[in-house]
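Below is one structure; the comments refer to it alone.
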Amino acid sequence: MSRFRLPLSRTKMILAAGVIATAGAGIALAPLPRAATLSADAPLVTGLPSFAPLVKRVMPAVVNISAVENVGDSSEQGFGQNDQDQDQDQNDQQGPFQGFPPSPFDQFLRRFFNQRGFGQMQPNQGAQEIALGSGFIIDPTGYVVTNNHVVDNAKKVTVIFQDGSKHAAKIIGRDPKTDLALLKIEAPKPLPYVSWGDSDKAQVGDWVFAVGNPFGLGGSVSPGTIAARGRDINAGPYDDFLQIDASINKGNSGGPTFNLAGQVIGINTAIYSPNGGSVGIGFAIPSDLAKPIIDQLREHGKITRGWLGVQVQTVTPALAKSLGLTEDEGALVSQVTPDSPAAKAGFKDGDVILSFDGKKIAKMRDLPIVVAETPVGETAKVTVSRDGKTQQLEPVIAKMPANPQIAESGGSSAGGLTLATLTPKLRRQLHVPSDVKGVVVTAIADDSPFNELGLERGDVIQSINQKPVTTPEEAAAAISAAQKAKGNEQILLLLNRHGVNEYVALSMVGNGGTG
């Protein structure tokens, strides 16, 4: 026999009324007022905002993104979880966000714009499929912002307006580290567009609304509030997400989050979900982080970031006490990269970075963001705590290397090559077989003679002139000896690149030799 059960809140109300009736025996209760008569069209609740005027104004500038991509080229190591790396060291994740520990959210993070998740069948290698996402126009000439993971493997991108009209789009630039991309479409007349807002002024509890293309259904609006700020979901080195409870689902990726002024304060990017649908926990890239990236992509088509050259870790209460700090704040320097801006400015292991160019470093992850935003060549004023005392250092910020993790390995130099030890960490990152011994090429100077051989960063040199090399010093000495040798000296290298061995030879005559 089924039982009718009242909702919990109603049950509580009924029990409370019973207590009053029992305890109130002999007590005269005031008569209840008569219910007011409401007209049929009178609102039952007042005071809540209506988004209708704002939606009408901004909706024409929000677009759908259709990306045709080859399945065989698709990178599943982009934003969010990489299942293949779950059993590896937490600092050795593959993909564009290497070196950052996995998040407890990993099993729930999804590339939720993609429609490929509706079935379990694996597509054939080289097959094509269509992914749907969202975007928004920021300029009447046709610049469109979306997520990088919406278009990262696209062979063809189409922007679809609310009225159904379609425009072919060109990818101006992409930035995997922040998951942002900029597209350009050509239109015969000025297009509707939206403007950036100030996400730093957005507060927890503020009303927002997300607009996008959930499940490929077309334009859709979801109201909600900012639930939290500064969320780090370990998706990348510059995580600083706004958490919003407006419904975000597959296909919303790249769409805007608006404030009540109709300004974009966030770009919908990820969700926390056990089933791929919204459970009210969504993450948006703040506009104050996104706008400078988009500006660089528009001007240069790529991103140049500042680089300090330190590895840092969180200052725990125990570390703060042992370091003589009154608060567990700042970024603790665990390693200084040789010949980096930090090394040249006098940074030392054990320094705690408290501020950078006047910006407080409250948490370890604050530092990569402010350093990356600093123009290359600018002298920064950095306050550090060392041996319980504060002092100021002034590094000249350099351009971030293509792979700072390899660059941070240090090593020796010769012949325009910078060489590093093949550590277990680098071995996993570079997919070098366990039986391969040698040294890693971490940098190649523009004038290096080895450019003729097509050497690449990440190549492993196993032997030089058929003599095995296992340390950077051995390899550098062998190269230097070949450069100084008399006569028609040849240098023969055995390389391993992506698990494949290959011999290459270079004549040192005219390339630094004396013969």
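The values are calculated or read from the model by the stated rules, or taken from the named source; none is laboratory data. Fair warning: this is a prediction, and the values are worked out from it, not measured in the lab. No Cβ is skipped: glycine too gets one built from the backbone with ideal geometry, and neighbour counts run over all protein chains shown. We work out accessible area using only protein heavy atoms, side chains counted, and drop any ligands, DNA or RNA first. Shrake-Rupley method; radii C 1.70, N 1.55, O 1.52, S 1.80 Å.
Check segment 476-490 and report whether any residue there is surrounded by fewer than 14 Cβ atoms within 10 Å (Cβ to Cβ) and closer than 19 Å to P338 by Cβ.
Scanning segment 476-490 turns up no residue that is surrounded by fewer than 14 Cβ atoms within 10 Å (Cβ to Cβ) and closer than 19 Å to P338 by Cβ.
Give the number of residues within segment 437-466 that are open to solvent by 10 Å² or more (accessible area, probe 1.4 Å) and β-branched (V, I, T). Here the count works out to 1. Residue pairs whose Cβ atoms lie under 7 Å apart, separated by 6 or more positions or on different chains, with the first residue in segment 395-417 and over 17 Å from P368 (Cβ atoms) and the second at pLDDT below 80 and not in a strand (DSSP E or B), are G415/Q483; G415/G512; G416/A445; G416/D447.
If you go through segment 193-206 and keep only what is surrounded by 10 or more Cβ atoms within 10 Å (Cβ to Cβ) and among the polar types (S, T, N, Q), you end up with S195, S199. Among the residues of segment 423-464, those that are part of a loop (DSSP other than H, G, I, E, B), in contact with a Leu (Cβ under 9 Å, 6 or more places away or on another chain) and among the β-branched types (V, I, T) comprise V432, V436. If you go through segment 144-153 one residue at a time, do you hit one that is surrounded by fewer than 24 Cβ atoms within 10 Å (Cβ to Cβ) and part of a strand (DSSP E or B)? No, the conditions are met nowhere in segment 144-153. Restricting V376, V333, V352 to residues that are out of contact with any helix residue (DSSP H, G or I) (no Cβ under 7 Å at 6 or more places or on another chain), within 28 Å of D175 (Cα to Cα) and open to solvent by less than 30 Å² (accessible area, probe 1.4 Å) narrows the list to V333.
Please tell me if N213 is crowded, with 19+ Cβ neighbours inside 10 Å and over 14 Å from A284 (Cα atoms). Yes.
Go through segment 155-192 and give me each residue that's more than 24 Å from T269 (Cβ to Cβ) and either in a loop (DSSP other than H, G, I, E, B) or open to solvent by less than 20 Å² (accessible area, probe 1.4 Å) (or both).
First, the residues of segment 155-192 that are more than 24 Å from T269 (Cβ to Cβ): 163-166, 168, 186-190.
Those that are more than 24 Å from T269 (Cβ to Cβ) and either in a loop (DSSP other than H, G, I, E, B) or open to solvent by less than 20 Å² (accessible area, probe 1.4 Å) (or both): D163, G164, S165, E186, A187, P188, K189, P190.
Put simply, of G309, G358 the only residue that is open to solvent by less than 70 Å² (accessible area, probe 1.4 Å) and on the phi > 0 side of the Ramachandran plot is G309.
Go through segment 225-269 and report how many residues are modelled with pLDDT of 85 or more and touching a strand residue (DSSP E or B) at 6+ places or on another chain (Cβ under 7 Å). If you could, list the steps in order and put the result at the bottom.
Start the filter on segment 225-269 by keeping residues that are modelled with pLDDT of 85 or more, which leaves 225-229, 241-245, 253-269.
Of the ones still in play, those that are also touching a strand residue (DSSP E or B) at 6+ places or on another chain (Cβ under 7 Å) are 225-229, 241-245, 253-260, 263-269.
Within segment 225-269, residues that are modelled with pLDDT of 85 or more and touching a strand residue (DSSP E or B) at 6+ places or on another chain (Cβ under 7 Å) number 25.
Being under 13 Å from L393 (Cβ atoms) and at pLDDT 90 or above is the filter here, so list the residues in segment 322-347 that pass it. Passing the criteria: V333, P341, A342, A343, K344, A345, G346, F347. Scanning segment 133-143 for residues that are within 19 Å of the chain's Cα centre (by Cα) and within 17 Å of D175 (Cβ to Cβ) yields a total of 2.
Please report, ordered by residue number, the strands (runs of 3 or more DSSP E) entirely within segment 317-393 with at least 2 residues that are within 22 Å of K177 (Cβ to Cβ) and more than 26 Å from the chain's Cα centre (by Cα). Walk me through how you get there before you give the answer.
Details: elements: 331-336, 352-356, 382-386, 389-393.
Where strands (runs of 3 or more DSSP E) fall fully within segment 317-393, none carries at least 2 residues being within 22 Å of K177 (Cβ to Cβ) and more than 26 Å from the chain's Cα centre (by Cα).
Listed conditions (1) farther than 17 Å from D366 by Cβ; (2) surrounded by 12 or more Cβ atoms within 10 Å (Cβ to Cβ) are all met by K302, apart from (2).
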